[in-house]
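The values are calculated or read from the model by the stated rules, or taken from the named source; none is laboratory data. Note that the structure is a prediction, hence the values are computed from the model and not measured. Cβ placement follows ideal geometry from the backbone for every residue including glycine, while neighbour counts extend to all protein chains displayed. Ligands, DNA and RNA are stripped out before the accessible areas are found, and what is left, the full protein with its side chains, is counted by its heavy atoms. Shrake-Rupley method; radii C 1.70, N 1.55, O 1.52, S 1.80 Å.
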Amino acid sequence: MKEVIILEKACISSYTPSALAEQLKAMGQPAFRARQIFKWLHQKMATDFDAMTDQPKALIAQLKERYQIAAPTIRRRQQSQDGTVKYLLQMGDGNCIETVLMRYSYGNTVCVSTQVGCAMGCRFCASTQAGRLRDLTAGEIAAEVYTAQRDSGERVSHVVLMGIGEPLHNFDSVMDFLEIISCPEGLNIGMRNLSLSTCGLVPQIEALAKKHLQLTLSVSLHAPNNAMRSGMMPVNDAYPLEQLIPACRRYQEETGRRISFEYSLVRGVNDAPETARELARLIRGMGAHVNLIPINPVDGSPYSATDDANVRRFQKQLEDLGVNATVRRRLGSDISAACGQLRREDADNKLERNQTP
Ligand code: SAH
């Protein structure tokens, strides 16, 4: 029997401007074509080659043959009373991820996923409960932003890499995404309007520092000592605090950008007054900002949230100890809350989807 091999077409939305120029050059096309096509993909957010009306027909046919454009479909859409919109997006291969559009006074912010699932295993997080299925391509991550902008009809001015997945565990695609989204020929979202959150992969933090990007790096700290942090985040066994904190200090020195620490408060676990003191000692002198988030309880997790009064007490204590701390505004708390929850709910329908060819 003849073997049939179905080759996946390459994702044309994932090429940086220089990589796209290389591709087009290999097809015998001049550089200006690559610039035009990049604009079609990343400024006009085309989801179809036929939309590229200034391209020769023969080239469009060739492009269709070789490439696909990342164009997820909206499988579910939930709108919160505060204007936050949460999307369950289905990728070309049927996998689903979540994207959230938040409306702040300074502009619209999209929170993007970077992987299908996550391998990091944080005990309080819904995104990681079924592990990691695959990485998203740079083009798929960009398409999350384009889908939210197109659907809302409003310009997106900020992007946070805080959705499903560990961005630094998908390092190369995330770096390409940052270049694409900040490119003047694309949506032109400046690096200072981009934030990347990591659970603390030390070698990748070091690699990111060397790139000298002006983005905001957030580090999910959640605990000021190894026993407490390892209990919440298995990644701490690989990169304990005596490695992570010096890496954060070096990152600040190298890039001149202050790190922001995320600290999700869990009742009876990391919210005691002596823990606040320990946290202040740990990050003393860094000038770093601490973002306090009451934990969003997820099914199957033993953790519950610290009450609001205790959150404010924790914050005040940090401030009194000279640490700049804010409590994150909870947007969209009336819709499937913590990231990863919508995708998990949808997993119940997986069987049905897997049966369709
Ligand atoms: N993998 C990255 C980014 C994804 S999550 C990281 O770990 O930083 C973005 C933030 O939400 C992280 O600080 C993460 O620890 C936190 N988080 C995840 N689940 C949460 C929950 N149920 N309640 C509160 N914060 C949560």
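Only protein heavy atoms count here; under a 1.4 Å probe, residue 73 has an accessible surface of about 80 Å².
Here the relative contact order of the chain, from alpha carbon pairs under 8 Å that lie six or more residues apart, stands at 15 percent.
Of the residues 285, 163, 28, the one that moves most in a GNM of the chain with alpha-carbon contacts below 10 Å is 28. Each residue of the range 157-172 is assigned a 3J(HN,Hα), and the resulting list reads 10, 9, 10, 10, 8, 9, x, 5, x, 10, x, 7, 8, 10, 4, 5 Hz, derived from the Karplus form 6.51 cos²θ - 1.76 cosθ + 1.60 (θ = phi - 60°), x at Gly and Pro.
Between residue 130 and residue 321, the simple spin-label model (points 7 angstrom out along Cα→Cβ) gives 4.0 nm.
Using helices alone, what [θ] at 222 nm do you get for the chain, with -39,500 (n - 2.57) per DSSP H run of 4 or more residues, divided over all residues and rounded to the nearest 500? The partial results should precede the final answer.
On the way: 13 runs with 128 residues, N = 357.
Taken over the chain, the calculation gives -10500 deg cm²/dmol.
Annotation: the antiparallel percentage among DSSP beta bridges lying fully within the chain is about 45.
When the Cα positions of 55, 18, 37 are compared along the charge dipole of the range 10-68, 18 comes out farthest toward the positive end, with charges on each C-beta of Lys, Arg, Asp and Glu. Computing Rg and the Kirkwood Rh from the Cα coordinates of the chain gives a ratio, Rg/Rh, of 0.99. Checking the cross-link pairs 210/316; 44/211; 9/44; 86/316 against a 24 Å limit on the alpha carbon distance flags 210/316; 44/211; 86/316 as lying beyond it.
Excluding residue 317 itself, what net charge comes from residues whose Cβ is under 12 Å from its Cβ, given Lys and Arg +1 and Asp and Glu -1? Spelling it out: positives minus negatives among the neighbours equals -1.
Taking Cα atoms only, the orientation of helix 57-66 departs from the longest principal axis of the chain by about 50 degrees. Remark on the range 1-124: Rg and Dmax equal 18.3, 62 Å (Cα only).
Across 57, 44, the residue with the most accessible area heads the list, and the full order at a 1.4 Å probe is 57, 44.
Comparing mean-square fluctuations of 301, 105, 260 from a GNM of the chain with C-alpha springs under 10 Å, the top value falls on 105.
Under 1.5 on a/c is rounded, so check that first for the range 252-300, then, if it is not, pick prolate when a/b is larger than b/c and oblate when it is not; a ≥ b ≥ c are the square roots of the alpha carbon gyration tensor eigenvalues.
Oblate, because a/c is 1.5 or more while a/b does not exceed b/c.
Per residue, the range 1-141 exposes 50 Å² of accessible surface when a 1.4 Å probe is rolled over the protein heavy atoms with every protein chain present. The magnitude of the dipole of the chain, with charges of +1 and -1 set on the Cβ of Lys/Arg and Asp/Glu and taken from the Cα centre, is near 500 debye.
Computing the accessible area with a 1.4 Å probe over protein heavy atoms, can you report the carbon and sulfur percentage for the chain? All intermediate terms of the calculation are to be shown ahead of the outcome.
On the way: 8010 of 16290 Å².
Result for the chain: 49 percent of the exposed heavy-atom area is carbon or sulfur.
Please label the shape of the range 173-285 as rounded, prolate or oblate, based on the square roots a ≥ b ≥ c of the eigenvalues of the alpha-carbon gyration tensor (a/c under 1.5 means rounded; beyond that, a/b larger than b/c means prolate, else oblate). Prolate.
Hull surface divided by four, with the convex hull built on the Cα atoms of the range 10-68: how many nm²?
On the way: hull surface 13.8 nm².
The number I arrive at for the range 10-68 is 3.4 nm².
Net charge near residue 182, counting Lys/Arg +1 and Asp/Glu -1 over other residues with Cβ under 14 Å of its Cβ?
With Lys, Arg at +1 and Asp, Glu at -1, the neighbours total -1.
Electrostatic tally near residue 286: other residues with Cβ closer than 9 Å to its Cβ, Lys and Arg +1, Asp and Glu -1, net +3.
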